[in-house]
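Engineer: My questions all concern the structure below.
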Amino acid sequence: MSSHHRFFLFFFNFNTATLLRPPLALSLLYSSATSNSILDPLTPLTSSTPSFTLQHRIQFPNHYLLLLLTNHHINPHQLECVYYYYTNASSSSSSGSTEPLVIEVQPVLSTDRFDESRSIARCPFPRTNGTAVDLRRRGGNLIRRSSYFTMNQTVVQSWEKGVYEASLDRESNTVVVFVKGLNLRPHKVSDPTHFRCHFGFKNLNKDGSFLITTRAVSVAQEVVRCLLPQGVRNNTDRAKGVGVTVSHLSGNFRHPVRTILPSVARIDGKGKKKRGKYELCVCTMVWNQGSALREWVMYHAWLGVERWFIYDNNSDDDIEEVIQDLDSQGFNVTRQVWPWIKTQEAGFSHCALKARDECKWVGFFDVDEFFYFPNEFHHQLGSVVANYSSSRSIAEIRTACHSFGPSGLRSHPKQGVTVGYTCRLQSPERHKSIVRPDLLHVSLLNVVHHFQLREGFRYVNMPEGSAVINHYKYQVWDTFKAKFFRRVATYVVDWQEDQNKGSKDRAPGLGTEAIEPPNWHLRFCEVWDTGLKDFLLSYFADPVTGLLPWDRSLL
């Protein structure tokens, strides 16, 4: 018997009546999606022979994401995407089994290592409608599927509803679960009493109904926090790799229905405390921003940032190589594979929890945003947050943003955005925050620009004359057009959608189509501001070549 099975048999014998007793009336109805595979066993693969097991298929707006249990890194050239359907003739065999009729094969778009035991493969949409998707070794047979698949089960899980991540919070004996499709109020804490978390392994009984259930203690947007099962609270290492999902109550008072959501989530057991913490870390979420990282990281490292969490949201540029290069130069940058589309707020909640064990303060801002101290050229961002660390009430530092325009340029500035873009709007827009992750509200609620804090703690605004953020929001058209097609924030309307046209998250007058407006290169220009440019050319540029540090890294 494996250690995982012994562990869950222990669960089954431990106070079963308490753990499994329905918390609501007996008339409560349970429903579960047929694709719910949360309880498949996660058996570590130790063989040196390459092995793949397909666990989940998820349909995103522009590609399929397939999760595989594997014992090694997957080269995208090892596998190919197979599209097929089942015919009546193929299902009429005496054995009752079915054989797929392959109608299309395409290369895998990309692969990533997802966690210690799983990898991701991304497949394009097929040219033929009405087909299922699978993977096979290049030129070979379909790869093995996990036990919940049957040969005629072609279902692909929709991205619109399901559980996609889960992180352990050792300090509070809880698990933080990330859920798509609950349709809760944005930017508000919700009532947790209608939510439960369920843990277990499907092969402990044949019908998959064995679930260890705990109550939710907080719910907000896409984040549900639940108590850990009592059997692992004294040894949270045992929770690592355990499947988890969420259920919610709907219907009316007389006929409530509890729906268990499909899930691909397993509890991430990382996050043990370090002996010492970095004074200042930064977290961001990016898509195809590899070319912007060097300038952003190198400049803010000089300001005192010591640790970087880069959440990569399905980039297909060279960002992985850029991050590896920066890390090899000592900038302490790591890449978090985050394949979940339009989940920036949830990703920041995930990062806040992850960074809490390593960092005293964490900044949440984008790679086109740069801190600047107008009147104190030698001021350090690290020293600013350190001055607030002794405060008994301040848990967040907010800094206003100035939005810069194309500044008359028609092509991307060779020396970087900080030198190239020098004309901006006069009034600041919104703010970005640096927070103490240990003092955030239990819900981890954030609206990208700031987090909700624990009761009794407050934020402080940095005076605009002391510190601002240069937000290079409206860059040359070719750069901005790429941003037009992809927004990572959950509650920000996409450019193409005909909604909230007056929002500050949209470009005024742009509309919903990626067509360059007249005189784009002259827009958003009310004040010429060369402060950061002058500072960088005076203090950062090589006296002989005039190159900036990020210029030299590209030679």
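Engineer: Among GLY231, THR193, SER263, whose Cα sits farthest toward the positive end of the charge dipole of region 162-268 (+1 at Cβ of Lys/Arg, -1 at Cβ of Asp/Glu, about the Cα centre)?
Structural biologist: My answer, from the dipole projection, is THR193.
Engineer: Let me ask another. Under a 5 Å amide H to amide H cut-off, with H placed in plane at 1.01 Å, what residues pair with SER110 once short-range neighbours are removed?
Structural biologist: So SER110 has HN proximity to ARG122.
Engineer: Antiparallel versus total DSSP beta bridges in region 278-540: what percent is that, nearest 5?
Structural biologist: 45 percent
Engineer: Kindly provide the GluC sites (Glu not before Pro) of region 302-392 that DSSP labels as loop, not H, G, I, E or B, and whose Cβ sees at most 15 other Cβ atoms within 10 Å. Don't jump to the answer; show the numbers that get you there.
Structural biologist: Numbers: sites: GLU306, GLU320, GLU321, GLU345, GLU358, GLU369, GLU376; in loops: GLU306, GLU358, GLU376.
When the GluC sites (Glu not before Pro) of region 302-392 are filtered for loop state and at most 15 Cβ neighbours within 10 Å, GLU376 remain.
Engineer: Counting DSSP beta bridges in region 162-268, what percent are antiparallel, to the nearest 5?
Structural biologist: Restricted to region 162-268, the bridges split so that about 90 percent are antiparallel.
Engineer: Here is a follow-up. Could you run the Debye sum over the Cα atoms of region 329-380, one equal point scatterer each and no solvent, and tell me log10 of I(q)/I(0) at q = 0.12, 0.16, 0.19, 0.24 Å⁻¹, two decimals?
Structural biologist: With no solvent term, the Cα-only Debye profile gives -0.41, -0.70, -0.91, -1.17.
Engineer: Considering only DSSP states other than H, G, I, E and B, which GluC sites (Glu not before Pro) in region 398-476 qualify as loop sites with at most 10 other Cβ atoms within 10 Å?
Structural biologist: Loop-located and lightly packed - GLU455.
Engineer: For VAL105 paired with ALA541, estimate the spin-label separation in nm (one decimal), with each label point 7 Å from Cα along the Cα-to-Cβ line.
Structural biologist: 5.6 nm
Engineer: Quote the accessible area belonging to SER218 in square angstrom, nearest 10, computed with a 1.4 Å probe and with ligands, DNA and RNA left uncounted.
Structural biologist: 10 Å²
Engineer: So between ARG430 and SER250, what do we pick up on full extension, going 0.36 nm a residue minus the alpha carbon distance?
Structural biologist: That pair, ARG430 and SER250, stretches by 61.1 nm at full extension.
Engineer: Could you please put TYR278, TYR372 in sequence from largest to smallest accessible area, using a 1.4 Å probe?
Structural biologist: The ranking, largest first, comes out as TYR278, TYR372.
Engineer: Next question, about the same structure. Report the FRET efficiency, 1/(1 + (r/R0)^6), for ASP237 and ASN519, where r is their Cβ-Cβ distance and R0 is 41 Å, rounded to 0.05.
Structural biologist: 0.10
Engineer: According to a simple spin-label model (label point 7 Å from Cα along Cα-to-Cβ), what is the distance in nm between ARG454 and GLN324?
Structural biologist: Going by the 7 Å Cα→Cβ label model, 4.0 nm.
Engineer: Modelling each spin label as a point 7 Å along the Cα-to-Cβ direction, I'd like the ARG275/SER411 distance in nm, to one decimal.
Structural biologist: 5.3 nm
The values are calculated or read from the model by the stated rules, or taken from the named source; none is laboratory data. Note that the coordinates shown come from a computational prediction; the quantities given were computed from them, not determined experimentally. All Cβ positions, even for glycine, are placed from backbone atoms using ideal geometry, and neighbour counts span all protein chains on display. For the accessible areas, the whole protein counts, side chains as well, though only heavy atoms, and no ligand, DNA or RNA atoms are used. Shrake-Rupley method; radii C 1.70, N 1.55, O 1.52, S 1.80 Å.
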